[in-house]
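Below is one structure, written out as structure tokens; the observations come after it.
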Amino acid sequence: MKNTALTEKHISLGAKMVPFAGYNMPVQYEGINAEHATVRSAVGVFDVSHMGEFILKGENALDLIQRVTSNDASKLYDGKVQYSCLPNTEGGIVDDLLVYRIDEKTYMLVVNASNIEKDWNWIQKYNTADVEMHNISDQTSLLAIQGPKAADALQSLTDIDLASMEYYSFKKGTFAGVDNVLVSATGYTGAGGFEIYFENQYADKIWNAIFEAGAAYGMKPIGLGARDTLRLEMGFCLYGNDIDDTTSPIEAGLGWITKFTKPFTNSEALLAQKEAGVQRKLIGFEMIDRGIPRHDYPIVDALGNVIGKVTSGTQSPSLQKAIGMGYVNKELAKEGTEIFIDIRNSKIKAKVVKFPFYK
């Protein structure tokens, strides 16, 4: 099992550690609900150094990215970030990822921890024009500082004007006395904030500086448990649950990152699917009756016929109600449709709602 540069720090803080995507990761410190509330109301810090980072460089870097990703990376400019996915050849998704344009010939791709090797091999397979590729995942630490007080809590550590940074943009600069730190106005919580990339050797220094600066703002360390409840309240897809090798971006509601202004892997089939319409769709639902939906629970109709399955579900800490996501036949995907979740052989009533759950 791999450790991040901060694993010992989490253990010393009393974190409950669990294996996640091959890494020893903190799932919670004081408890998921309390940590969730900290991010929604103040500011919390996630160690997400298990994520993968690839650098692509050279004359043909953009061309390679355009061929393997669904979004249109030609729209990027220096300092801009884009959410995208890597379609496979069968209509599914290899992974979802972020694309950072550092300059005209240099890009950073940020991929899911569980897919680092798979993504690397997939992109390399299409690298027919000798684009320089570097997997810097093992040398790179990543902290996500999320919540409405993130900019105020971090501003004393950097000369980058955090409050004026646009969503999905990034800057490089000095942070906590360390040069060449990449600060990105991105995140996976819907609470605002920043993601900070730096070399492992500076992990302790930067972690300590962040918590010293953030003490006055009620800053706390947050585990992966609250990361999951936060992203689910926003209706953000989690790879391996809501999207995978068998789900198309069109079915998953990711048509907005699937741009047919250029050819890319399997783009003809996905365009045909978009034009013909899909048979199943990813929906959000909230429970009407008492019960918590979990991954893989069947979704059924009033007669008990299976019409889909739950991909993610939880008791929402912000909304104080049970919510979930799942795929159903398109006829049942309309807002307000009554569905049932099969929880231990009982039909528990729910209704289809629009994303995000938390407004």
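So, in the range 52-72, of the ones that are small (Gly, Ala, Ser) and buried (at least 22 other Cβ atoms within 10 Å of the Cβ), which residue ends up nearest to Pro263 (Cα to Cα)?
Ser70
What is the number of the single condition among (1) part of a strand (DSSP E or B); (2) crowded, with 21+ Cβ neighbours inside 10 Å; (3) in contact (Cβ under 8 Å) with a residue 40 or more places away in the chain that His134 does not meet?
(2)
Considering only the range 178-287, give the helices (runs of 4 or more DSSP H) lying wholly within it that have at least 2 residues that are among the hydrophobic types (A, V, I, L, M, F, W, C) and either over 16 Å from the mean Cα position of the chain (by Cα) or closer than 29 Å to Arg67 by Cα (or both).
Counting at least 2 such residues, we get 203-214, 267-276.
From the set of residues in the range 59-111 that are of a type in the set (Phe, Trp, Tyr) and either out of contact with any strand residue (DSSP E or B) (no Cβ under 7 Å at 6 or more places or on another chain) or part of a strand (DSSP E or B) (or both), which is nearest to Asn127 (Cα to Cα)?
Across the range 59-111, the extreme among qualifying residues is Tyr107.
Just checking, does the range 35-50 include any residue being crowded, with 17+ Cβ neighbours inside 10 Å, free of Cβ contacts under 8 Å to residues at least 24 places away in the same chain and assigned to a strand (DSSP E or B)?
Scanning the range 35-50, I find no residue that is crowded, with 17+ Cβ neighbours inside 10 Å, free of Cβ contacts under 8 Å to residues at least 24 places away in the same chain and assigned to a strand (DSSP E or B), so the answer is no.
Scan the range 216-240 and report the pairs whose first residue is in contact (Cβ under 8 Å) with a residue 12 or more places away in the chain and more than 21 Å from Ala151 (Cβ to Cβ) and whose second residue is in a loop (DSSP other than H, G, I, E, B) and polar (S, T, N, Q), with Cβ atoms within less than 7 Å and a gap of 6+ or a chain change.
Glu233/Ser318; Tyr239/Asn112
Do you know which of the residues in the range 220-249 that are touching a helix residue (DSSP H, G or I) at 6+ places or on another chain (Cβ under 8 Å) and more than 13 Å from Tyr188 (Cβ to Cβ) is surrounded by the most Cβ atoms within 10 Å (Cβ to Cβ)?
Pro249
I'm checking my understanding of the structure. Among residues of the range 322-344 that are over 23 Å from Gly277 (Cβ atoms) and surrounded by 13 or more Cβ atoms within 10 Å (Cβ to Cβ), which one is nearest to the chain's Cα centre (by Cα)?
Gly324
Which residues, counting only those in the range 155-185, are more than 21 Å from Gln139 (Cα to Cα), surrounded by 14 or more Cβ atoms within 10 Å (Cβ to Cβ) and not hydrophobic (A, V, I, L, M, F, W, C)?
Gln155, Thr158, Tyr168, Ser169
Is there a residue being in contact with a helix residue (DSSP H, G or I) (Cβ under 9 Å, 6 or more places away or on another chain) and either touching a residue at least 24 places away in the same chain (Cβ under 8 Å) or farther than 16 Å from Phe355 by Cα (or both) anywhere in the range 285-296?
So far as the range 285-296 goes, no, none of its residues is in contact with a helix residue (DSSP H, G or I) (Cβ under 9 Å, 6 or more places away or on another chain) and either touching a residue at least 24 places away in the same chain (Cβ under 8 Å) or farther than 16 Å from Phe355 by Cα (or both).
Could you look through the range 306-332, keep only residues that are modelled with pLDDT under 95 and not in a strand (DSSP E or B), and pick out the one that is farthest from Leu238 (Cα to Cα)?
Ranking the candidates gives Glu331 first.
Ile299 is checked against (1) surrounded by 21 or more Cβ atoms within 10 Å (Cβ to Cβ); (2) assigned by TED's automatic domain parsing to the domain that holds Lys347; (3) farther than 30 Å from Gly225 by Cβ and fails just one. What number does that condition carry?
The single condition Ile299 does not satisfy is (3).
The values are calculated or read from the model by the stated rules, or taken from the named source; none is laboratory data. No experiment lies behind these values; they were computed from the predicted model shown. Note that each Cβ is placed from the backbone with ideal geometry, even for glycine, and that neighbours are counted across all protein chains shown.
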